[in-house]
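Single-structure report; data block below.
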Amino acid sequence: MTRKIYAFGMDGFIVPMMKRFAAEGAVPHFERMLREGAVNQTLPSFPVWTPTNWATLSTGAHTGTHGVTRWRVEVEPGRRIDSFDGRANNAERIWNALERAGMTSVAVHYPAAHPSGVEKGFVVDGFGHPSHRRTDFEVATCQAYTTEAELAAEIEMDHDGTAVRAAQSGVEPIPPLKPAQGWSNLPESHAPPLESRIEVEARLGGDVTAFELLAVDGGGNGYDRVLVCRGRDGGRRVAEARVGEWSDWAVEEFAIDGGRQRASVRFKLMELAPDGSRLKLYRTQVTFADGFTVPDELAGELIERFGPYQEHASMLPYTAGMADFDTALEECEYQGLWFAEVARYMLRERGCSFFICHWHLYDYLNHIHLGDVDPVCPGYDADKADEYLDYFRRAYQVGDRILGRLWEDADDRTLVGVLSDHGCSPDVRVANIRQFLHERGFLALEAGHENLVRDQVREDDIDWERTRAYLKDDKGFDIFINAEPGPGFDRIEAELLLALRTWVDEEVGRNPVAIALPRRDAWILGQWGDQCGDVVFAWDHGYVSGYYGQWRGIAGDASVGAPNVYGAHHGGFLPTQSRDSSSFGSWLLAGPGIKAGYERPAEKLGYIHAADVVPTFCHLLGAEAPRQSQGTVARDLLEGFEMEREREALADRVPNATTAKARRELEEGKGQRFDTAEDLHRDLGV
């Protein structure tokens, strides 16, 4: 019997959080998974980052083998490419292995899935980067428009100090509403229609596409809806939205990079004062309506069946003041359910055996609010915890609806699964490794460099004549020594290891660094190969680095201490867990051949490694694992396989079989039996 597998990737999914909501009865489909399937936390590949672990979850290879160690990969000296480019991953992926076995796969919004190397498989947006303004399939990122110029200015100020948010707050002032002039085909309105104007600036090329806005009083109770039109013509409306509601999707031509591109967009009217004095309109990302699939013709087919593809759906509208939490969650739900519908269609009607995707909702929410719901975080406020916990509850209910959609037509040969690359843990202490290296005399900077306390040192800022050790551009967990192999290199290595291993966070009396290893021993953390640094280190539980833009500095500008703003993160630290938080990955799987209600006892058998997922999927589908796969089949998930073993009870007196003579004497019935070590030593003449 040929099996099929849904592997729905939910980035940042946390098993303990899900279990909490399942115990409340809030997520019935996850409850079913707990009863009928295997629910496990997984040991993620180190470092515990998004590109690293989605690479592991598509290859079954460890970090050193697939080579996706950080957010950019050095593919040749001096040339680095984005880790979400399929060429960054140096190991064969599961869709290649399944194709050799005669099966077809589909990957949706999966990191580094393009180029895929398959001839008959399918890819929908094989980039899958979690950040906005990154994809090739975008005309413009999401945006909000307001007639209150002061509001837009306040939002810019609120996010000052965070480079990403300050530069891209996403709320743009537009002209105040005024009586419509020079329009044709005006709709019926109890009050004279009012007009304004918005512009969509293309991310590439800076070309502008303008739309005219028309506010209408449709019910006689004040202005209650907005029309988005091409030109001053009410008959050329692109979209229409009422207060608090979404418009339908529109597919329009937009100017981009000197050309024209068909792209999808919709709007939500966040606010419209009945007297027309205020308006706030949210616009989604403007996403290509073609060109985002392999093969090309699949894009039109999917849009016709399931609606437009929205590449970026996140908490950005909420955090940047464009819209409220509900709106951001609605966008994430649209994207997730779209993925689920595509999954069902591709497995049911297009002959695919394997579906995998990457949906990023939980990671966004974790970074923002996990520290607000977990008392482990020093920034936890009990008075606000319930409010933010409900944000998580509602987000997991969205995931629950997605899981239910997959289960609707899963038959007795279909397995339904959920994957996550990692979870998240609240910040307790933060560290600036570059500042530490500078203070200890390993890193020297060019004159005039002022961004050390912001952890924004780049390789161009380094004084190479005086530098002994440094980090490459990116969030780092490995350090490179600026010396050729030999006695000088060895001295720097020894000093660096000693400095890291004896670094003390004096305020709390802890060592920030849990493990510091030379390259020759770094295999313990899964590090080897052409991307591996000379010294690899892991932060201890509760310490994190590399996210200055979110924590906005360390108190007192020290190299280690409390963040100015608490959050939650994952990265180059030991996986950790508290009541509702966990930085471990997740793997939920139910279906034919899978044990019901099973969770591996980690205290007896250890954790399933992220590298074990792909070999297990291949085993279930009857295929060989990818060529560079290094994980193993997690057989204890399968019916009929038992891995737990209890030690047999020892007899009161145990036969000695330490020596050949003793074994022989025992066989001849002459052997001695020993109760104590002293008895054994006496017999051996010790």
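The values are calculated or read from the model by the stated rules, or taken from the named source; none is laboratory data. Since the model is a prediction, treat every value here as computed from it, not as a measurement. As a convention, Cβ positions derive from the backbone with ideal geometry for all residues, glycine included, and neighbour counts pool all protein chains shown. Accessible surface areas use protein heavy atoms only, side chains included; no ligands, DNA or RNA. Shrake-Rupley method; radii C 1.70, N 1.55, O 1.52, S 1.80 Å.
Within the stretch 55-70, one or more residues are among the β-branched types (Val, Ile, Thr) and surrounded by fewer than 24 Cβ atoms within 10 Å (Cβ to Cβ). Note on the stretch 603-623: residues that are over 24 Å from Ala410 (Cα atoms) and either touching a Phe, Trp or Tyr at 6+ places or on another chain (Cβ under 8 Å) or open to solvent by 30 Å² or more (accessible area, probe 1.4 Å) (or both) total 6. Taking the criterion of being aromatic (Phe, Trp, Tyr) and in contact with a Gly (Cβ under 7 Å, 6 or more places away or on another chain), the only residue of the stretch 210-240 that qualifies is Tyr223. With respect to the conditions (1) open to solvent by less than 40 Å² (accessible area, probe 1.4 Å); (2) within 20 Å of Thr147 (Cα to Cα); (3) touching a residue at least 60 places away in the same chain (Cβ under 8 Å), Met270 lacks only one, and its number is (1).
Among the residues of the stretch 1-25, the one identified as hydrophobic (A, V, I, L, M, F, W, C), under 30 Å from Glu99 (Cβ atoms) and open to solvent by 30 Å² or more (accessible area, probe 1.4 Å) is Met1. On the basis of being over 30 Å from Tyr380 (Cβ atoms) and among the hydrophobic types (A, V, I, L, M, F, W, C), does Val457 make the cut? Yes: the conditions hold for Val457. Taking the criterion of being in a helix (DSSP H, G or I) and among the acidic types (Asp, Glu), the residues of the stretch 279-333 that qualify are Glu297, Glu301, Glu304, Asp326, Glu330, Glu331, Glu333. Among the residues here, Arg230 qualifies as under 22 Å from Pro176 (Cα atoms) and of a type in the set (Lys, Arg).
Just to check your reading of the model, which residue among Gln527, Gln550 is among the polar types (S, T, N, Q), modelled with pLDDT of 95 or more and either touching a Lys or Arg at 6+ places or on another chain (Cβ under 6 Å) or closer than 24 Å to Lys472 by Cα (or both)? Walk me through it before giving the result.
On the way: Gln550 fails: modelled with pLDDT of 95 or more.
Of the residues listed, the single one that is among the polar types (S, T, N, Q), modelled with pLDDT of 95 or more and either touching a Lys or Arg at 6+ places or on another chain (Cβ under 6 Å) or closer than 24 Å to Lys472 by Cα (or both) is Gln527.
For Tyr334, state whether it is among the aromatic types (Phe, Trp, Tyr) and open to solvent by less than 50 Å² (accessible area, probe 1.4 Å). Yes: the conditions hold for Tyr334. Against the criterion of being within 30 Å of Ala343 (Cα to Cα) and either among the small types (Gly, Ala, Ser) or open to solvent by 40 Å² or more (accessible area, probe 1.4 Å) (or both), Ser425 does not qualify.
Table: residues versus (1) under 24 Å from the mean Cα position of the chain (by Cα); (2) at pLDDT 95 or above.
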{"site": "Asn89", "(1), (2)": "yes, yes"}
{"site": "Asn96", "(1), (2)": "yes, yes"}
{"site": "Glu99", "(1), (2)": "no, yes"}
{"site": "Ser105", "(1), (2)": "yes, yes"}
{"site": "His109", "(1), (2)": "yes, yes"}
{"site": "Ser116", "(1), (2)": "yes, no"}
{"site": "Glu119", "(1), (2)": "no, no"}
{"site": "Asp125", "(1), (2)": "yes, yes"}
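Scanning the stretch 462-485 for residues that are buried (at least 19 other Cβ atoms within 10 Å of the Cβ) and not in a loop (DSSP other than H, G, I, E, B), we see that the one that is nearest to the chain's Cα centre (by Cα) is Asp478.
Only one of Trp528, Trp523 is part of a loop (DSSP other than H, G, I, E, B) and within 27 Å of the chain's Cα centre (by Cα). Can you tell me which?
Being part of a loop (DSSP other than H, G, I, E, B) and within 27 Å of the chain's Cα centre (by Cα) holds for just one of Trp528, Trp523, which is Trp528.
Being out of contact with any Ser or Thr (no Cβ under 6 Å at 6 or more places or on another chain) and surrounded by fewer than 21 Cβ atoms within 10 Å (Cβ to Cβ) holds for only one residue in Tyr396, Tyr362, Tyr345, and it is Tyr345.
Within the stretch 598-609, residues that are part of a loop (DSSP other than H, G, I, E, B) have Cβ atoms under 9 Å from residues that are at pLDDT below 95 and open to solvent by 50 Å² or more (accessible area, probe 1.4 Å) in these pairs: Arg600/Met643; Pro601/Glu644, counting only partners at least 6 apart in sequence or on another chain. For Trp95, the criteria (1) more than 20 Å from Thr293 (Cβ to Cβ); (2) in a helix (DSSP H, G or I); (3) open to solvent by 10 Å² or more (accessible area, probe 1.4 Å) hold in every case but one, which is (1). Taking the criterion of being of a type outside the set (Gly, Ala, Ser), buried (at least 24 other Cβ atoms within 10 Å of the Cβ) and in a loop (DSSP other than H, G, I, E, B), the residues of the stretch 535-588 that qualify are His570, Phe584. Scanning the stretch 130-145 for residues being in a loop (DSSP other than H, G, I, E, B) and modelled with pLDDT of 95 or more gives a total of 2. The criterion of at least 1 residues that are at pLDDT 95 or above and among the basic types (Lys, Arg) is met, among strands (runs of 3 or more DSSP E) falling completely within the stretch 1-87, by 4-10. Taken together, the residues in the stretch 489-520 that are surrounded by 13 or more Cβ atoms within 10 Å (Cβ to Cβ) and in a helix (DSSP H, G or I) amount to 12. Here Asp455 passes the criteria (1) of a type outside the set (A, V, I, L, M, F, W, C); (2) surrounded by 20 or more Cβ atoms within 10 Å (Cβ to Cβ); (3) out of contact with any strand residue (DSSP E or B) (no Cβ under 8 Å at 6 or more places or on another chain) except the one numbered (3).
Just the residues that are more than 21 Å from the chain's Cα centre (by Cα) and part of a strand (DSSP E or B), please, taken from the stretch 412-446. Those that are more than 21 Å from the chain's Cα centre (by Cα) and part of a strand (DSSP E or B): Thr414, Leu415, Arg429, Ala431, Leu445. In the stretch 304-323, of all residues being in contact (Cβ under 8 Å) with a residue 40 or more places away in the chain and more than 23 Å from His369 (Cα to Cα), the one that is surrounded by the fewest Cβ atoms within 10 Å (Cβ to Cβ) corresponds to Arg305.
With respect to the stated conditions, Asp409 fails to be over 22 Å from Ala38 (Cα atoms), open to solvent by 10 Å² or more (accessible area, probe 1.4 Å) and either in a loop (DSSP other than H, G, I, E, B) or without any contact (Cβ under 8 Å) to a residue 24 or more places away in the chain (or both).
Going by the structure shown, is Arg350 over 23 Å from Tyr145 (Cβ atoms), in a helix (DSSP H, G or I), open to solvent by 10 Å² or more (accessible area, probe 1.4 Å) and not hydroxyl-bearing (Ser, Thr, Tyr)? No; evaluated as a whole, the condition is false for this residue.
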